[in-house]
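Derivation of every value follows stated rules applied to the coordinates shown; laboratory data play no part. Worth saying up front: this structure is predicted, and the values here are computed from it rather than measured. So basically every Cβ, Gly included, is an ideal-geometry build from the backbone, and we count neighbours across all protein chains shown.
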Amino acid sequence: MIIITRYDITDEELDHIRERVEAAGLHTHLSRGERRTIIGCIGDEAKLQEVPLRSLPGVEQVLPVLKPYKLASKEFAANNTIVRVGANASIGSDVLTVIAGPCSVENRTMLHETAHAVQSAGATILRGGAFKPRSSPYSFQGLGKQGLELLAEVRAETGLPVVTEVLDTRDVDVVAEHADMMQVGARNMQNFALLAELGRVQRPVLLKRGLSATITELLMSAEYIMAHGNHQVVLCERGIRTYERATRNTLDVSAIPVLKRETHLPVIVDPSHAGGIADLVAPLSFAAVAAGADGLIIEVHPDPESALSDGDQSLNPAAFSTLMERIGAFAAAAGKTFEVPAVAGGRGA
Ligand code: PEP
Ligand code: MN
C-alpha cells in the first residue's frame, strides 16, 4: 500500500502517519519528489484495516500496490532512481551511460590498454570479471583477488569506476572493497543468499536477468536486495534462452519498455552476451538505446582472438569506437543525451 501525501504536508504530519503505520507492525519507506512525497507501507496490510489512514492530516490518497514487488515498483517512488557509481558516473539520468571492458581481467597490460581505449571512446565505467562463472570447470575461472587488485589499480590511474561480478557470499566484502559496483551474473539472479548479502553493503548492484527468468522474477530479485537495505540497484537485460540457436541468447527488447513502466530502477542492456557474436553488438546496442535503455554494458578486448573468455562477442577498440560514434543519434531519438567526456582522446586512441 502507498500513501500519497498532500503537497503542503508538514514534517509533524508525516511523522505521525509513519508512526501510525509502524505501530500497526508494518515498515514504512519514504520517497520524496519535488512535488509529492510517497509513504510506502511494507508488511501485512490487513493490520492497517483499523487505522483510519485516509482521515489522517496530510494524507491525499491511499492506494493498494497489487504487484508482488513493492520497493522496486514504480508506484513506490516519487522519481526514477539515479544510481551513482564512483565519484563521477551515474546510471538512470537523461544521459546514456556506457560501461565497457573485457569479459575477464586477464593481466595488467590488457586491462590498462582496454581501459584507456574504452575511456577514449566515451565509456564512463570499466567492466572486467575477476571471479568468472564458467559453464565448464576446465575453462579459465578468472584471476580472483589479483583481478580485483588490477581493477582498483586501473581505476586509480584512469579515474574510471569499476564493476565486477561477485559469485559467492564469502567474497562480498572483498569485492565491495575493490569495486564501485557489484555485478550479480545471470546464473546467480536467484541466489537469494547472495542477494540478501548484497542488500547489506552500500555499493550499487548491477543485477543481470537470469537465462530463463521472467521480468517479474528479475524484479523480485531486485526486491530482495532492496528489502535488505540496499536501494542502489541497476537492472540488466542480457538476453534470454529461447529455441533460437543463431544467436547465443535472444535479446528481449520488450523487457526494456516493460521494465521502464514497472520500476523506477535504471535499466541497461548487455548486447554482448545477448547476441554472442561481435557483429551483432552494434545493432543490438542501437535497438536497446532506441527502446529506452539507460545504458549499455559491452565487452571490449584489445585482441578478441586471444581472449581467455568470450572472444567471439568481444569488440576490438576500433569497432567499439565506431559504435560509440553512432550511438548518440539513437540516444537523441530516445530523448537521452550522450556526450564523450572531455578526457576522451578520440577514435581508437
Ligand atoms: C559477464 O558479464 O561476463 C557474464 C558472465 O554475464 P552473464 O552473467 O550475463 O552471463
Ligand atoms: Mn563475458
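Remarks
- Counting neighbouring Cβ atoms within 10 Å and putting the fewest first, the residues T5, T337, T169 line up as T337, T169, T5.
- For q = 0.19 Å⁻¹, Debye-computed log10 I/I(0) when each Cα of segment 200-261 counts as one equal scatterer: -0.72
- Fraction of antiparallel bridges per DSSP, segment 49-194 only, in percent to nearest 5: 25 percent
- Hydrodynamic radius of segment 2-64 per Kirkwood, over alpha carbon pairs, in Å: 11.5 Å
- Pairwise FRET efficiency - K47 versus A87, Cβ, R0 = 30 Å, nearest 0.05: 0.10
- Protection proxy ranking of 115-123, 68-76, 276-284 - average other beta-carbon atoms within 10 Å, highest first: 115-123, 68-76, 276-284
- Pairwise FRET efficiency - S254 versus D303, Cβ, R0 = 30 Å, nearest 0.05: 0.25
- Extending 7 Å from Cα along the Cβ direction at R241 and again at A333 yields two label points whose distance is 3.3 nm.
- Kirkwood Rh and Cα Rg combined as Rg/Rh, segment 50-190: 1.14
- Angle in degrees between helix 278-290 and the longest Cα principal axis of the chain, rounded to the nearest 10: 30 degrees
- Computed FRET value (nearest 0.05) for S136 with D173, which takes r as the C-beta separation and R₀ as 30 Å: 0.60
- Segment 83-344 - convex hull of the alpha-carbon atoms, volume per residue in Å³: 112 Å³
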